[in-house]
Amino acid sequence: MTDFGTLSIVPPVLAIVLAVVTRKAALSLFLGIWSGAVLVTGGLGIVRTFEWIVAAVSDEFHATIIVFTLLLGSGVAMVWNLGGTAAVHDWALTRLDSQRKAGLAAWGLGIVLFFDDYANTAIVGSAMKDISDRLRISREKLSYVVDSTAAPVATLGISSWVAFQLSLIAEGYDAAGVDAANRPGVFEVFVSSIPFNMYAILAIVMVLVIVGSGRDYGEMLAAEHRSWTTGKVTRDGAVPMQDVAGELGQPPASTPRLASFFLPVATLIVVTIATALWSGGLSPGGFLGDLLASDLAAAGGRLWDAALGASYEVALTIGSFAMVASGFVLGKAYGVFGIGDATEYALDGFGIMLTAVSILVLAWGIGEAIDALGTGTYVAGIVGDAVSPALLPALVFVVAGVIAFSTGTSWGTMGIVTPIAIPIAWEITGGGAAGHTLVAAMVGVIFSGAIFGDHSSPISDTTVLSATFTGSDLIDHVRTQIYYAVTVAVVVALLLVVWGYTRITPLLLLPVGAALLAALVYLLSEADARRRGIEPVSVEEPQVEETRVDDQSTNVAEAELDD
């Protein structure tokens, strides 16, 4: 417990409520920070407010992410002015000719780009935005697809998330007082925890169900109905986090080339991965030597160790800089623009990210307030020690979700809950094999709860970036996505209760959860559509002639839309 007690939840709750009610994310976050400063200082608190904001910016990790975001904006500007976006649009006219195909393409890209959630949102959002606009997919829908195939995928593959997760497992066992000789390796525990990371797995499944069936419910159904029937991919009065066309104008390239899109994006991916492995200590000579000696196990071990020890935020920054540099080279090679114009375009690209950076800084600033008030520790402390082992996984999942929703940080939530939950799991089982099994379950459900809360929170950095790179209004993204996030969370909580009482392997429970999600999507979409007096599935007409974004009409080529 903390000195501030229940008052510690005032800043995040105030920020979230104001953001949802007013739809003014920046103002709401600032007022949330200010309220925390008033509580801490007992006075006006304006000086402390800006101290926290400055502290958020001066944090090395945060500063690196800001630079990465700005450089990525420059990279997007380069692709736009090279005509790469127009080329992808033209290419998609004959291939992605339905909402279902576009949704599945975005889902597939999200699965493939598993190495980092930030890069995932940036690449998939930028690649699919114009395509989805042409097909009258709402920006809210695209934001949901991007957001729900970013962090969930990153927790299941080789990524910065896994490296962080492994360190938390070790900390949890240390907190439980278990000697290293009497516990499995952290990687073994991580692998055992994957089936219990049910929210991440089922969130990915949920996206597939939604885009595959074309069914929606809640605010998303209203958004999709608006987009399909009126051509408005954003609602009237929405404030998109990014408007490339509005900020950058018409590109100077007269001949769109697919290479102008794919080469910069490929540069981003290749340089990011290469830099990450280098920062993780991979020796190219040793790695190539193992390959030449046909020692695949040793080569794989080197790659794995380097991936876990990598500095992904630095790698992303270098990768995004390389993406910008490739734009300079392609502009000159294709005779589209010279060095002077390329420099101007790069600076213009910073501009399309200023809103996102501002909200990121304020979201981190409220994180400083939350740390000072001890909000996460207070919420975690609500969980009593006398908890039934059968209900513990579901309870920890809910608590982690509440903390992540309140604080806007999944990593912070993991850091808070793991050292508390693992010792509890070890103690109530008496250790041994049962203790290790429950510890693995705890690790999985903590990650699941953290991602669920993070997905649902308007003060989360990944939520902000998902809205940014898809050009969605941040609060509209949250209001539409939360229906789906809560649906998955309810199914996960139910499955965890079943596991707690029966110990049925989660590998059997997950298919049941997937089937339950499919049934719920059908039933909820039918019920909500009847209530609204509209169809639960977008009825794709033969032709789409225009798409409206922010009350401005943009003509697009007519295309057959065979479902």
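The values are calculated or read from the model by the stated rules, or taken from the named source; none is laboratory data. The structure presented is a predicted model; accordingly, all values stated were derived computationally and were not measured. Virtual Cβ from ideal backbone geometry, glycine too; neighbours counted across all protein chains shown.
Does the stretch 174-196 hold any residues that are small (Gly, Ala, Ser), in contact (Cβ under 8 Å) with a residue 60 or more places away in the chain and out of contact with any Pro (no Cβ under 6 Å at 6 or more places or on another chain), and which are they? Steps first, please.
Narrowing the stretch 174-196 to residues small (Gly, Ala, Ser): 175-177, 180-181, 185, 192-193.
After this cut, where a residue has to be in contact (Cβ under 8 Å) with a residue 60 or more places away in the chain as well, the list is 175-177, 192-193.
Matches in the stretch 174-196: Gly177, Ser192, Ser193.
Among residues of the stretch 296-314 that are without any contact (Cβ under 8 Å) to a residue 40 or more places away in the chain and closer than 15 Å to Ala274 by Cβ, those with a Cβ under 8 angstrom from a residue that is exposed (fewer than 14 other Cβ atoms within 10 Å of the Cβ) and not β-branched (Val, Ile, Thr), sequence gap 6+ or separate chain, pair up as Arg302/Ser283; Arg302/Gly286; Ala306/Gly281.
Output yes when any residue across the stretch 198-219 is loosely packed, with under 15 Cβ neighbours inside 10 Å and hydroxyl-bearing (Ser, Thr, Tyr), and no when none is. Before the answer, list the steps.
Going through the stretch 198-219, the residues loosely packed, with under 15 Cβ neighbours inside 10 Å turn out to be 212.
Filter once more, so that each one left must be hydroxyl-bearing (Ser, Thr, Tyr): none.
No, that holds for no residue.
Yes or no: Asp290 of a type in the set (Asp, Glu) and crowded, with 19+ Cβ neighbours inside 10 Å? So Asp290 fits the description; yes.
Mind checking whether some residue in the stretch 450-468 is at pLDDT 90 or above, among the acidic types (Asp, Glu) and out of contact with any Pro (no Cβ under 8 Å at 6 or more places or on another chain)? Checked against the condition, which is being at pLDDT 90 or above, among the acidic types (Asp, Glu) and out of contact with any Pro (no Cβ under 8 Å at 6 or more places or on another chain), the stretch 450-468 yields no hits at all. Looking across the stretch 220-231, the residues that are in a helix (DSSP H, G or I) and surrounded by 18 or more Cβ atoms within 10 Å (Cβ to Cβ) come down to Met220, Leu221, Ala222, Ala223, Glu224, His225, Arg226, Ser227, Trp228.
Table: residues versus (1) touching a Leu at 6+ places or on another chain (Cβ under 8 Å); (2) of a type in the set (Ser, Thr, Tyr); (3) not assigned by TED's automatic domain parsing to the domain that holds Leu465.
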| site | (1), (2), (3) |
| --- | --- |
| Ser8 | yes, yes, yes |
| Val21 | no, no, yes |
| Ala25 | yes, no, yes |
| Leu31 | yes, no, yes |
| Gly36 | yes, no, yes |
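From Thr429, Thr413, Thr343, which residue is outside the structural domain of Val491 (by TED's automatic domain parsing), free of Cβ contacts under 8 Å to residues at least 60 places away in the same chain and either surrounded by fewer than 19 Cβ atoms within 10 Å (Cβ to Cβ) or under 26 Å from the mean Cα position of the chain (by Cα) (or both)?
The match here is Thr343.
Sort out which residues of the stretch 68-87 are modelled with pLDDT of 80 or more, small (Gly, Ala, Ser) and either part of a loop (DSSP other than H, G, I, E, B) or more than 19 Å from the chain's Cα centre (by Cα) (or both), and write them in order of number. Selection gives Ser74, Gly75, Ala77, Gly83, Gly84, Ala87. The set of residues in the stretch 388-427 that are assigned to a helix (DSSP H, G or I) and in contact with a Ser or Thr (Cβ under 8 Å, 6 or more places away or on another chain) comprises Phe397, Ala400, Gly401, Ile403, Ala404, Phe405, Ser406, Thr407, Ser410, Thr413, Ile416.
If I ask for residues that are touching a residue at least 40 places away in the same chain (Cβ under 8 Å), surrounded by fewer than 19 Cβ atoms within 10 Å (Cβ to Cβ) and assigned to a helix (DSSP H, G or I), which ones from the stretch 326-340 would you list?
Residue satisfying the conditions is Phe328 alone.
Whether a residue is touching a residue at least 12 places away in the same chain (Cβ under 8 Å), within 29 Å of Glu219 (Cα to Cα), crowded, with 22+ Cβ neighbours inside 10 Å and small (Gly, Ala, Ser) was assessed, and Gly84 does not pass this test. In this entry, Pro251 passes the filter for residues that are modelled with pLDDT under 90, assigned to a loop (DSSP other than H, G, I, E, B) and over 29 Å from Ile475 (Cα atoms).
Any residue at all in the stretch 375-388 that's in contact with a His (Cβ under 6 Å, 6 or more places away or on another chain) and either assigned by TED's automatic domain parsing to the domain that holds Ala425 or modelled with pLDDT of 80 or more (or both)? Within the stretch 375-388, none of the residues are in contact with a His (Cβ under 6 Å, 6 or more places away or on another chain) and either assigned by TED's automatic domain parsing to the domain that holds Ala425 or modelled with pLDDT of 80 or more (or both). Only residues that are over 14 Å from Lys141 (Cα atoms) and of a type in the set (A, V, I, L, M): list them for the stretch 82-111, please. Within the stretch 82-111, Leu82, Ala86, Ala87, Val88, Ala92, Leu93, Leu96, Leu109, Ile111 qualify.
Taken across the stretch 458-475, residues that are buried (at least 20 other Cβ atoms within 10 Å of the Cβ), assigned by TED's automatic domain parsing to the domain that holds Leu202, assigned to a loop (DSSP other than H, G, I, E, B) and β-branched (Val, Ile, Thr) do occur, with at least one present.
Quick one: would you say Asp305 is over 21 Å from Thr343 (Cα atoms), out of contact with any helix residue (DSSP H, G or I) (no Cβ under 7 Å at 6 or more places or on another chain) and either modelled with pLDDT under 85 or not in a helix (DSSP H, G or I) (or both)? Spelling it out, Asp305 is indeed over 21 Å from Thr343 (Cα atoms), out of contact with any helix residue (DSSP H, G or I) (no Cβ under 7 Å at 6 or more places or on another chain) and either modelled with pLDDT under 85 or not in a helix (DSSP H, G or I) (or both).
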